[in-house]
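Quick notes on the structure that follows.
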Amino acid sequence: MAEAVMEMSAVTATPASVALGARVDGIDLADDSGEAMEHLRSLMREHHLLVLPEQELSALQLEAFGRRWGELLTHPATKHRDTPYVQWIGSPGRHLKFFPGVHPAGGGWHSDMTWHSTPPIISGLHARELPSSGGDTMFANQHKAWDTLAEDLRERVSNMAAFHTGKVFGPDVEDSVHPVVRTHDETGREALYVNPNFTKHLVGVDEGESQDLLFRLFSHCTRPEFTYRHQWQLGDLVLWDNRSVMHYAVADYDERRVMHRIVVKGGKPR
């Protein structure tokens, strides 16, 4: 127990922004025996996003760390050669299976895999190769988005559901219907749970009203005051709560950029 206390005493958490996020120093995940996990879980509930700098992890080590959070999902796009549970995300101009033509890096604001019936609760990106400039990732706190939404819009969408599709990744990828407002299964807080990439329409209303409501929600949920912009350093591992955080990869670079990604399976959103 003394060793665990000494280990945790060296861990520091510093807010990354007003909106969300904390930088966590003092943990080497390659050597950590697991004592820090409860502390990381607590920090995730508080800050919704964690930056763990200077992590030297192979794909298999990243997979092992991800499994401490829960069961891992695979992704239908690219997979690392060493394990299907780590996604290899490459530089601009990469080709995706089934995608018509070249898929641009970035791809818009989204929560990971909301088209899945049990979408991820935690996502993580590990910076393996970076361009000399650019290539940041932006994150948006959807608890704040919901808390500040206009009252009339809150009342209109609070009990609605939305249709999400992942067919951009292939014809056999599933579609799902999830609530527009998601209740976090650990904290009980509510968050907006729609995104421009995968949410296609609202259920039970006509097309015009669906488009109008989604436009208002999309315009609101990524306001700058809800966001944190991460400037990557080699070895950074950024973890975020996919139940309450959207992200956007900024495609302002033309050099090689490689990330490894893990996604931790959740339950059915409610």
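The values are calculated or read from the model by the stated rules, or taken from the named source; none is laboratory data. Here the structure is a predicted model, which is why all the values come from computation and not from measurement. Using ideal geometry, Cβ is built from the backbone for each residue, glycine included, and neighbour counts are taken over all protein chains shown. To get the accessible areas, we keep the full protein, side chains included, count just its heavy atoms, and leave off ligands, DNA and RNA. Shrake-Rupley method; radii C 1.70, N 1.55, O 1.52, S 1.80 Å.
Value of Rg to Rh for the chain, rounded to two decimals, is 0.96; Kirkwood radius and Rg both from alpha-carbon coordinates. Only protein heavy atoms count here; on that basis, with a 1.4 Å probe, residue 27 has an accessible area of about 20 Å².
Taking only the Cα atoms of the range 128-270, the radius of gyration and Dmax are 16.5, 48 Å.
Computing FRET efficiency as 1/(1 + (r/R0)^6) for residue 220 and residue 31, where r is the C-beta to C-beta distance and R0 is 35 Å, gives about 0.20. With a cut-off of 10 Å between beta carbons, the residues surrounding residue 154 carry a summed charge of -4, where Lys and Arg count +1 and Asp and Glu -1.
Between the beta carbons of residue 153 and residue 71, assuming R0 = 22 Å, the FRET efficiency works out to 0.05 to the nearest 0.05. Surface composition of the range 144-230: carbon plus sulfur atoms hold 48% of the accessible area, using a 1.4 angstrom probe and ignoring ligands, DNA and RNA.
Overall dimensions of the range 125-191, expressed as equivalent-ellipsoid semi-axes from the Cα gyration tensor (√(5λ), whole Å, largest first), are 29, 21, 12. Taking the centroid of alpha carbons for each part, the range 112-157 and the range 39-59 are 16 Å apart. Within the chain, antiparallel bridges make up roughly 95 percent of the DSSP beta bridges whose residues both belong there.
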